[in-house]
Each structure stands twice: as structure tokens, then as C-alpha cells.
2 protein chains.
Amino acid sequence: MDRRLTDRLDALYAIGAHAAGADRLAYTANEDAAHALVSTWMADVGLEVARDPVGNLFGRLRGTRPELAEVWTGSHLDSVPGGGRFDGPLGVVAGLEAVERIGRQERTLCVVAFRDEEGSRFGRGCFGSRALCGLLEPGELDTRDAAGIALREAVGNEPSPGGWLDPPLAFVEVHIEQGPELERRSAPLGVVTAIVGLARLAVIFDGREGHAGTTPMSARDDALCKAASFVLAVRDTAERVGHGAVATVGSVVVTPNAANVIPAVVELLVDARAPEETTLAELLREIQVAAAGARLTQLRRTSPAPMDVGVRDVIGSAIVEVGVDVQELYSGAGHDAGVLARAGVPSGMLFVRSRNGGISHSPDEHSDDADVRRAVEALMGALRRLASSA
Amino acid sequence: MDRRLTDRLDALYAIGAHAAGADRLAYTANEDAAHALVSTWMADVGLEVARDPVGNLFGRLRGTRPELAEVWTGSHLDSVPGGGRFDGPLGVVAGLEAVERIGRQERTLCVVAFRDEEGSRFGRGCFGSRALCGLLEPGELDTRDAAGIALREAVGNEPSPGGWLDPPLAFVEVHIEQGPELERRSAPLGVVTAIVGLARLAVIFDGREGHAGTTPMSARDDALCKAASFVLAVRDTAERVGHGAVATVGSVVVTPNAANVIPAVVELLVDARAPEETTLAELLREIQVAAAGARLTQLRRTSPAPMDVGVRDVIGSAIVEVGVDVQELYSGAGHDAGVLARAGVPSGMLFVRSRNGGISHSPDEHSDDADVRRAVEALMGALRRLASSA
């Protein structure tokens, strides 16, 4: 199988590849091409190919007892600008490989390739799976990309508000970790316990503009000094709260941003995440305290999505069967499995060790062939067990 | 005199005025118009009008002993974008008023209006006075403005590299303080002891870009956290060094500046000033220590310009003669008097109290009529004394 799976990853990476990674943004010709290519692979091995109104792709291997709920596996095919070889395509290609190799089971097996997981083009991730599950935001279809094209137009066929999911029995997503944890533990595979909850905050510090030469230190109200204290407080807070909490100030805009003018206004964006709701709530409470005196707006908040305990157990057992220790970890990034979990589908994720410290969204993104092979074998075991009526 | 001086300030402010201040940028039609207007006022009261190759304007009242060195007073007529009513024009108009009122003296009196003091258009201040004194930077005439026009073209007449100064006996510049110090001391007038030295530094912090969700706090190398510590250290250093030291981080550029990406590179601009060379050197040394691990480039450095002790005494005595306490202070902003001092001209400055906390470069820039009146009277006394051969 090695050759076929690697060849398929290469073929998908080649769509939109350049020196700094591959561009397969949502609803572009490149994402379309990736979906078209995967659908031919599905058809070639006898899967029944279907698409939903936003273009999510499904390849079904009809079960011997098709009246039973289906078992799904898969991921997404779009990329960020300059994306890597594994983020997304690995889950689709590994799912296809596993289904081909285990063949017909009692339950219908379905390999799914979601649309627009990254959200790089229209700003919110997991569009395809959220549309499927009826979890779009009000007005989201009218969001426009940088070129002024509305999401509604990009999808092309006047999609309904979504929510056409016929819930499967379970969903298993194989994905690279995109972090350093498994590499640190010298472990090839991991079972995800939860996908972190995320809050995005805008924090604006106001000061008083002034001449950098004529305003004594004692007479200043420097918005940047306030913001700098806050940046450090955000870091310290996340470290103190622990339990997987992370918080990042990734964006800073200073006004007027001139070398000889004391900053009047500093706008920051904060990304705060935690794998458990109580931790996320504590983190946000403490960040709010640190932002005392600033204008704080919560732009978005998603609760953590715990993975289904039953599905986790099945994945864990399958990992043991291929001779690998079970490592549990949470996912710091969002995934389609989190959306399906929120929609009530028992979901689980099988993480594959990322190399190079977990670098992702980059041509340096890498997972070893041997790790990928074991992931496929573990997925085969998990799908066999889930697809059995016993 | 009150009416005439106020009317003249109003007439100059009207050139380029709009709701957010006045625009009389260097070598624009508006600066030209201001120079033309002042030259008519000079001619009307019998001053001999002259211009040098970069358009600095001189109005001379020939002395009874014209073989003696001249006494100069004046300032500049250009403004920053959205400038106020006093910064620059006050020194020219007050000089003209004083010369008109004291009339012919032994030494020739000269009212000067320098070009391009603010440097808003081509990036470096005091161009006119530096050209006069032969203190231009190499290649400076080839600097271009935002529209791509070279300074050489803006000046219009293929200026020589400058340095045509025939040094006067003394230069006295009346200027608003542009700071809160005199207002804080409830003092209308001040004598400047020195114009601060200034350094401009570019400081670049490097970190490691990473996913804001999947990178644990302990595995981060966040360029913004390093930069934030530095911003606070710059402030703390200036406060600790004291003796008039000020330091400001006014500009921040974060790469990639995305909410969900750990910052990889942060570029800061630091403005550091102090009225004495030893203080400036200490301040810069300590900022360099705080920037350990960063890439630091000194973009520019100007030493403090002490004002001439003799000229300071003359100004101080004249202030006492109009019934006002003498307040000494340094200037945190650069001025043409600093350039002339560097060129060896015994120079002094008479500061007029700024209201509204010292706000400047703004339509809210203000000095009281009564303070301006006393400044003119003190300037008259100082010019009389300097222009006497005794």
C-alpha cells in the first residue's frame, strides 16, 4: 500500500504546489481539482460517489446490512496558502486506503472529503462540515473573500442554509498532529481526547498621543506600554492556568505608528484556547482582568469538543493491535471531527506524529512513511470494529 | 502691537488651514505663499529682503555700524500636516515685531525665516538651516517624498551643497515650548539651556512562527513577547536614567501579524533623547543591554546642542526686565537654533508657554496673547543688548 498512498499524497500536493507550499484554497479551481481527483479514485475502487449541496464529497462502500447506520472516515482537501502535504489530504487518502483494504463490512463505510476546512479564504474554518451539520453562522454565506466574491457565489449553486446530515454511527478522522507533542513522547500515533475550545478577542488600549521629545516620561499615557504589559500578562496567565491552556497575541496595530509620536491607540487580537470548558472559562476570566482599562470585545467563542469515549476506546484498541502504545492528547487546532461531535455524531481522531517540531501550514510539514503506515493499519482495525453490528 | 502680531499669525495659519490644522509642507505652494507674505511684510517696514539658494528668507534692518557682525532672530514657516498656529510662525512674526519696534541699532538686525524645519515631507528636519550651515547629509538632496519628487527638484534651482553662512554674532529663536513644563511651573517664558540630542534605533526581535493552537506555551519562541519586555524596559530605563532622558517605542510591525499565528518577527523603532551627551550615551548603552538578542541598528544620532551661555544670559536678563521670573528648561524637540549652535553661532531660545498640556502639531496648539506679548518685549530687550557694540 505504501506506494499508492504516497503517490496519492504527491498527486494532491502537486495541485497548486510551488516553492513555498501548495495553494488549494476553498472553492478555487485547485480545491475542485483535488475533489475531482479523489472522486475518480473512489469510483475506480467501486465506491458510490455523491456530493452534497456545498460540494462535500462522499464515497460509499455499501455494507451487507445497509439498513444500519453508516461509519464515516475522512478529512478535507483544501489548504491554507502555502500549505503542506499532509494537513487534510492524509485523512482522506488514509480513509480511502483503509476502506479499500478492509472491503465490505456489515455497515456501509463512507470516506468523506469536506470542503473549506481551513477557512483561509472566507475567515471561518470548517465551512463544509458546519454546512452539513446545520451549524453556519447567521449571514455567513454572504461573507466575501479579499476579491469581493461572496461565499454563496463561490459555492456556486445557491446552497440552502445546510443541515442535511443523516447522522452516521461514528466518524473517525486521521490527521497529523500539527504540534510537537507526539514527537516529544517518541510516539507515532495518538488518540485525541478533545478538540480545544477557542476564543478570539479584540483588545484596544487607549493612551494619549504626544511628542516623543517634549513629553516627559512622567506626563505620558503611552498606549503601547499598556499593551506590552498585557501581552506579557496573557502569556503568564496561560502558563499559570495550565491544563493545556494557550493564549497568543498574534496581531498588533499601533496608531499613529510613527517613530517620534507616543502611541495613542494599540489594537491587539488575542487567541485563547483550552481543551476543557472550565479551563477556557478561567483563562478568559483572567485575560479579562489583565485587560482592565482596555476595550475588550469577544469576536468569537467555541466550546471545547470532547471526543466520544466509545470511539476513543475503539481507536485506542486498534492502535494497541498494531503494536503501538496508546498516547492520549488533545488537539490545539480545530477539525471537522469537532464539528461532527458538536452535531451529536460520536467522533474520534487518530493523530499521526508530526516531524520538525510539529511545523504545519508549510512545505516543511512532514510525517514519516512508517507512522502513516501504522495509522492506516490502526484505522483499518477501528473501522472493522465500528462497522460490525456486534 | 497685539492686533498686528495676532493678525499676522492668523494670516499665516490661513494658508493651508482646514478643520484638522494647517498644511504648509516644505517647498509646497503653501510654504512658498507663507514666505512670500512674510517678505511683503518685511519690505513694507523697510527691511532689505534676501533669499539664499534653498529659499531661506532674510529681512535686514541695516545697522549704524554695518561693518559689525549681525544679530539674527527668527524661526520657520513650514508646518507638519495638520499643524498648529504657533510652531514656527511665532518666531518669525515675533522677530519682525521686535525689530520693527526697536528700530535701527548699531549692528544690523536680521529676521530669518528658514525653510523645511519640520522634515515631514523628506524625512529629516531643519533642512533649510542645515543647508545654510553646510550640514546636509551625503546624498540628502536626492531624498524623495511620497510622490517621488526629489528634494533637489523641490528646492527648484539645483542648490549647491550649502554652507554659505556668514556667521552672525548671535541667533535668538522665539518658539512655543510644545511641552507641559512651563505650564506646570505657571511660568509664561523660559530660557532654553540645551536642545536634546536624539538617537533613532531600529530593533528587530526574531522568534519562531508557530500555530497558536498546537504549540504549547513551553515550546514557544514568541517574538512579540520579547518585544513587549523590551518596550517596558525602554520606558523603565529612561525613567531610571533621568536627567531629562526620554525614550519612546512609537512604531511596531509584527510579522505575520495574524491572530492565530505566533509572531515570528517584530520590528520596533525607538526614539531616545537627552539634553546632555553623557545622559544620552548612558540611555543608549542601557537600551542596547535591554535589546540583547535582538538586531539593533542605529539609524541616526545627533548630539545635544547646548545653547550659548552668553546669549542665555542676555535672554534671561531681558525676561527679568519685563517682570517675569527666569525659568530654565531644555528643548525636547529639535530646532533651527540647534543647527546654528552646531555650526558655531552663539545661539539661544526663548520659549513661550504652551497651553493644553503642551499639545502641538495640532489645531489645539495654543499660547496666550499675554504670554506672546511678554515674549516680544523680552526679545526686544535681548536684541537691543546684542545689537549694541558696547
Inter-copy separations for A:ASN157, label at 7 Å along Cα-Cβ, nm, ascending: 7.6
Distance in whole Å from the A-onto-B rotation axis to the closest C-beta of chain A, together with the residue it belongs to, please. A:ALA228, 2
Over chain B, with a single point scatterer placed on each C-alpha, what log10 of the ratio I(q)/I(0) does the Debye formula yield at q = 0.08, 0.09, 0.10, 0.13 1/Å? -0.45, -0.56, -0.67, -1.06
Square roots of five times the Cα gyration tensor eigenvalues for the protein assembly as shown, Å: 72, 24, 21
Might you report the magnitude of the Cβ-based charge dipole of the protein assembly as shown about its Cα centre, with Lys and Arg at +1 and Asp and Glu at -1, to the nearest 20 debye? 440
Would you work out which of B:MET307, B:ALA291, B:LEU329 lies farthest towards the positive end of the dipole of segment B:279-390, given +1 charges on the beta-carbon of Lys and Arg and -1 on that of Asp and Glu, about the Cα centre? B:ALA291
Using only Cα atoms, tell me the angle between helix A:223-241 and the longest principal axis of chain A; keep it within 0 to 90° and round to the nearest 10. 40
Once you average over the residues of A:125-135, how many Cβ atoms of partner chains fall within 10 Å of each Cβ? 0
Report relative contact order for segment B:107-173 in percent, whole number only (criteria: Cα-Cα under 8 Å, sequence separation at least 6). 26
Taking θ as phi - 60°, what are the ³J(HN,Hα) couplings along segment A:337-346 by the Karplus curve (6.51, -1.76, 1.60), each to the nearest whole Hz, with x for Gly and Pro? 4, x, 5, 4, 4, 4, 7, x, 7, x
Over chain A, what is the relative contact order in whole percent, taking alpha-carbon pairs under 8 Å and six or more residues apart? 21
Can you give the charge dipole size of segment B:1-127 about its Cα centre, rounded to the nearest 20 debye, using +1 on the beta carbon of Lys and Arg and -1 on the beta carbon of Asp and Glu? 220
Of the residues A:LEU182, A:LEU132, A:LEU299, which exhibits the maximal mean-square fluctuation in a Gaussian network model of chain A defined by a 10 Å Cα contact cut-off? A:LEU299
Which peptide among B:225-232, B:354-361 comes first, and what is the full order, when sorted by highest mean count of other Cβ atoms within 10 Å? B:225-232, B:354-361
Taking the Cα atoms only, what angle lies between the long axis of helix A:89-102 and the longest principal axis of chain A, rounded to 10 degrees? 20
Other-chain or far-sequence residues with amide H under 5 Å of B:GLY179's (modelled H): B:SER354
Mind listing the long-range amide H neighbours of B:GLY74? Cut-off is under 5 Å, sequence gap 5 or more, other chains count too, H placed in the peptide plane at 1.01 Å from N. B:VAL112, B:VAL172, B:VAL174
May I ask for the net charge around B:GLY84, where only other residues with Cβ less than 10 Å from the Cβ of B:GLY84 are counted and Lys, Arg are +1 while Asp, Glu are -1? -2
For chain A, percent of DSSP beta bridges that are antiparallel (nearest 5) comes out at 70
Angle check, please: helix A:2-14 long axis (alpha carbons) against the longest principal axis of chain A (alpha carbons), in degrees 0 to 90, nearest 10. 40
Sorting check: for B:269-281, A:75-87, which peptide has the highest mean count of neighbouring beta carbons within 10 Å, and how do the rest follow? A:75-87, B:269-281
Zone residues, segment B:287-322, relative to B:HIS243, backbone N less than 17 Å from point 7 Å out along Cα-to-Cβ: B:287-288, B:302-307
Averaged across the residues of A:241-249, what count of C-beta atoms belonging to other chains lies within 10 Å of each residue's C-beta? 5
In sequence order, calculated HN-Hα J values of segment B:25-35 (Karplus, 6.51, -1.76, 1.60; Hz; x Gly/Pro): 6, 3, 6, 9, 4, 5, 5, 4, 5, 5, 5
Percentage of interatomic Cα-Cα distances in segment A:282-341 larger than 18 Å: 57
Which is farthest toward the positive dipole end of segment A:93-188 among A:GLY125, A:THR108, A:ILE149, measuring Cα position about the Cα centre, with Cβ charges +1 (Lys, Arg) and -1 (Asp, Glu)? A:THR108
Considering the Cα positions of segment A:116-158, please state its Rg to one decimal place and its Dmax as a whole number of Å. 9.5, 28
Within 10 Å of the Cβ of an average residue in B:259-267, the count of other chain Cβ atoms is 5
From the phi angles alone, apply the Karplus equation (6.51, -1.76, 1.60; θ = phi - 60°) to segment A:199-214 and give each ³J(HN,Hα) in whole Hz, x where the residue is Gly or Pro. 10, 10, 10, 9, 10, 10, 9, 9, x, 10, 4, x, 6, 5, x, 9
Hey, can you rank B:111-121, B:31-41, B:141-151 by average C-beta count inside 10 Å, highest first? B:111-121, B:31-41, B:141-151
Of the residues B:HIS18, A:SER360, A:LEU61, the Cα lying farthest along the dipole of the protein assembly as shown towards its positive end, which is defined by charges on the beta carbon of Lys, Arg, Asp and Glu, belongs to A:SER360
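Readers should treat all values here as calculations from the given coordinates under stated rules, not as data from a laboratory. Because the structure is predicted, anything quoted here is derived from the model rather than measured. Please note: Cβ atoms are built from the backbone with ideal geometry, for glycine as well, and neighbour counts cover all protein chains shown.
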